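Below is one structure, written out as structure tokens; the observations come after it.
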Amino acid sequence: MVSVLLGGAVGAVARYLLGELLLTITKNVKLPLSIVSINIIGALLLGFCVTTVSNEQLLLFFATGFCGGFTTFSTFSVEAVQLIQKKQYLMFLLYILLTISGGILGVFIGKLLAT
């Protein structure tokens with residue numbers, strides 16, 4: 001449980017810092033690219049971790065803790081709803097397609113990089 005707690009804390013801080021950096025870079029883009037990017041990076045890291053890490057405590061730290069704290073389905077959901085509320089339907093579709101397909105592709109690439 002301590003491994004998950006520590007990994008989650010590190011992952012959440014990493015998400016916040018990277019998110020702030022990405023927001024400054026993509027501030028003029030209508031699509032919430034910071035969360036898309038974070039979720040895809042997290043999926044790639046998760047795919048890599050579940051393939052390479054065999055120690056149970058390290059796996060709990062990295063996969064469940066860090067990747068769980070780093071990625072964010074709740075923020076993705078809030079931003080998707082906000083796009084609908086703003087009647088930006090094309091952006092909404094692009095956002096969910098990029099996030100979901102990018103996440104699945106990220107896991108595949110992470111697993112591929114691990115082998």
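Every number in this text was worked out from the coordinates using simple rules, so none of it is lab data. Remember, predicted model here, so these are calculated numbers, not experimental data. Positions of Cβ are generated from backbone atoms using ideal geometry, with glycine treated the same way; all protein chains shown enter the neighbour counts.
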Computed over the chain: longest principal axis from alpha-carbon atoms vs helix 73-85 long axis, angle to nearest 10 degrees, is 10
Only residues of segment 15-56 count here: report those whose backbone N is under 19 Å from the spot 7 Å along Cα→Cβ of Gln85, or say none. 30-36
HN-Hα couplings for segment 6-15 via Karplus (6.51, -1.76, 1.60; θ = phi - 60°), in whole Hz with x for Gly/Pro, come out as 5, x, x, 5, 5, x, 5, 5, 4, 4
For the chain, modelled as a Gaussian network with Cα springs under 10 Å, which listed residue fluctuates most, Phe73, Phe48, Phe62? Phe73
What list do you get for Ser34, Ser101, Ser74 if you sort them by fewest beta carbons within 10 Å? Ser74, Ser101, Ser34
Nitroxide proxy distance, nm - points 7 Å out along Cα→Cβ at Ile109 and Met1: 3.7
Tell me, what HN-Hα J-couplings in whole Hz come from the Karplus equation 6.51 cos²θ - 1.76 cosθ + 1.60 at θ = phi - 60° for each residue of segment 100-114, using x for Gly and Pro? 6, 5, x, x, 5, 4, x, 4, 4, 5, x, 5, 5, 5, 6
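Once you compute Rg and the Kirkwood Rh from C-alpha atoms, what is the Rg to Rh ratio for the chain?
Reported Rg/Rh (Cα atoms, Kirkwood Rh): 1.02.
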Hand me the tally of lysine pairs in segment 2-114: alpha carbons under 21 angstrom apart, and the pair either on different chains or 8 or more positions apart. 4
Please order Cys67, Cys49 by the number of other Cβ within 10 Å, starting at the fewest. Cys49, Cys67
Convex hull volume of the Cα atoms in segment 11-58, per residue, in Å³? 66
